[in-house]
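Please read the structure below before turning to the comments.
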């Protein structure tokens with residue numbers, strides 16, 4: 001049976017109904033068993049949700065956190081010997097590179113690599129120029145044909 005008090009019951013249950021609406025709902029609950037049942041179901045649902053939201057016990061949380069701490073032992077330990085060895089190797093590498101006499105810019109310019117790349121680049125541009133200008137060959141071919149035609153015309 002639907003008597004239209006569903007939303008009013010919710011407002012009443014959570015204390016959001018005004019005084020006039022609350023008095024109307026209380027009067028209605030006295031005579032409507034279905035609405036009393038719905039109100040009881042709302043209260044039971046709220047109790048079940050708040051019990052489920054309680055979360056794990058403090059002992060369970062402590063057990064999990066203790067296991068996590070135990071599993072991390074040894075993974076992120078600090079060792080002074082390893083730190084000093086790493087620093088010494090970094091300093092030695094820096095010293096060797098700074099004393100070696102070669103500069104990074106000099107290595108690139110004096111390697112001959114740049115000159116070879118320039119010749120390859122020039123060859124590519126020359127090939128592109130030859131491909132894009134077939135008219136020069138065509139015109140040359142036409143002019144030689146014209147010359148032959150003129151020579152033939154003179155001989156006839």
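Residue 33: over 46 Å from the mean Cα position of the chain (by Cα) and surrounded by fewer than 10 Cβ atoms within 10 Å (Cβ to Cβ), yes or no? So residue 33 passes the test. The number of residues in the stretch 1-25 being in contact with a helix residue (DSSP H, G or I) (Cβ under 7 Å, 6 or more places away or on another chain), surrounded by 10 or more Cβ atoms within 10 Å (Cβ to Cβ) and not in a helix (DSSP H, G or I) comes to 3.
Here is a yes/no grid of residues against (1) within 30 Å of residue 2 (Cβ to Cβ); (2) modelled with pLDDT of 85 or more; (3) not in a loop (DSSP other than H, G, I, E, B):
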site: 27; (1), (2), (3): yes, yes, yes
site: 30; (1), (2), (3): yes, yes, yes
site: 49; (1), (2), (3): yes, no, yes
site: 56; (1), (2), (3): no, no, no
site: 62; (1), (2), (3): no, yes, yes
site: 77; (1), (2), (3): no, no, no
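The values are calculated or read from the model by the stated rules, or taken from the named source; none is laboratory data. This is a predicted model, so every value here is computed, not measured. Cβ: placed from backbone, ideal geometry, glycine included. Neighbour counts: every protein chain shown.
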